[in-house]
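*Asks:* Can you keep this structure in mind? I'll have questions shortly.
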Amino acid sequence: MNKRLIVIVLVIVAVAGAGFLVLLNRQSQALQLTTAPMPPPAPAVNIEDLTARAGAGDAAAQTRLGWAYQKGAGVKPDIKEALKWFRKAADKNFPDALAALGEMTQSGQGMKADLAEAVRLYRLAAEKGSVAGQYDLAFLYESGNGVEKNEPAAAKWYQLAAEGGDAFAQYDIGQRYMLGVGVATNQVQAFKWLALASAGGQSDSGRLLPELKSRMSSADLAEARRLAKEFVPRAGP
């Protein structure tokens with residue numbers, strides 16, 4: 001099960017006549033495959049050209065070719081080939097390759113699973129600006145899997161991944177601002193991130209916005225909408 005399909009669920013319960021949002025626990029770690037989906041090469045990419053560029057040492061092409069073999073996008077799926085190209089790019093410290101290799105290392109794709117090594121790779125990727133690495137590291141801090149559970153650290157990395165344009169990270173950090181988990185409660189920031197997540201296709205976010213909107217002043221709501229409208233994702237590494 002892909003971790004990005006295991007989202008934090010919020011439900012509204014009545015307590016003393018007021019509406020409160022309750023953060024439910026994620027499914028048990030035994031059911032979680034904590035690996036973020038990596039995008040395959042764009043359909044327009046010519047595999048032969050991509051292979052040539054990868055063979056010439058282009059780390060970005062090597063990473064995209066690894067995704068192609070991992071996902072079977074334009075080529076027959078081949079985990080060994082995926083690992084080969086991810087490792088070549090990771091040896092050059094290419095951020096997204098480090099994250100992809102970390103995900104395969106954690107899940108044991110083509111190798112023995114090694115959570116400690118996965119954490120090391122995620123951290124390298126995250127520190128170098130990989131959105132996937134930032135999300136992966138945040139999730140481990142949230143779950144306490146491979147690292148000591150640390151909600152402020154989880155919030156920090158979710159925030160960075162959200163700033164990179166990841167809709168699921170925007171959903172996660174939006175909830176945190178709404179509930180004050182790892183960050184101070186901030187309805188303006190909560191609405192901003194949830195609105196962006198909803199626009200990015202994260203369906204659960206849209207179900208939270210009406211309740212949040214009902215508790216905001218018109219000034220705060222206008223500010224949140226302005227921030228969402230002006231948002232520009234951070235450029236990739």
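Read-outs throughout are calculated quantities, based only on the coordinates presented, and are distinct from any laboratory measurement. Treat the numbers as computed from the prediction; the structure is a model and nothing was measured. Here the Cβ is made from the backbone with ideal geometry for all residues, glycine too, and neighbour counts use every protein chain on show.
*Asks:* Which of the lysines could a cross-linker bridge to Lys128, judged by Cα under 18 Å and excluding same-chain residues fewer than eight apart?
*Replies:* Filter leaves Lys88, Lys92, Lys156.
*Asks:* Can I ask one more? Could you pull out every one of the lysines with an alpha carbon less than 22 Å from that of Lys229, ignoring same-chain neighbours closer than 8 positions?
*Replies:* Those lysines meeting the cut-off are Lys192, Lys213.
*Asks:* So how do Lys80, Lys156, Lys128 line up by other beta-carbon neighbours within 10 Å, fewest first? Don't jump to the answer; show the numbers that get you there.
*Replies:* Working: Lys80 9, Lys156 19, Lys128 16.
Ascending number of Cβ neighbours within 10 Å: Lys80, Lys128, Lys156.
*Asks:* Can you tell me the length gained on complete extension of the stretch Asp78 to Glu127, counting 0.36 nm per residue apart and subtracting the Cα distance? Write out the running numbers ahead of the final one.
*Replies:* Values: separation 49, 0.36 × 49 = 17.64 nm, distance 2.89 nm.
Extra length from Asp78 to Glu127 when fully extended: 14.7 nm.
*Asks:* Sequence neighbours fewer than 8 away in the same chain don't count; with that in mind, list the aspartates and glutamates whose C-alpha is under 13 Å from Lys112.
*Replies:* Partners within reach: Glu103.
*Asks:* So for the pair Ser218, Met111, with labels modelled 7 Å out along Cα→Cβ, what separation do we get in nm?
*Replies:* It is 5.8 nm.
*Asks:* Now, a different point. From Cα pairs below 8 angstrom and at least 6 apart in sequence, can you work out the relative contact order of segment 47-143, rounded to a whole percent?
*Replies:* RCO, segment 47-143: 18 percent.
*Asks:* Starting from the Cα-Cα distance between Arg120 and Asn186, subtract it from 0.36 nm times their residue separation and give me the gain in nm to one decimal. Don't skip to the answer; put the middle values down first.
*Replies:* Details: separation 66, 0.36 × 66 = 23.76 nm, distance 3.18 nm.
Gain on stretching Arg120 to Asn186: 20.6 nm.
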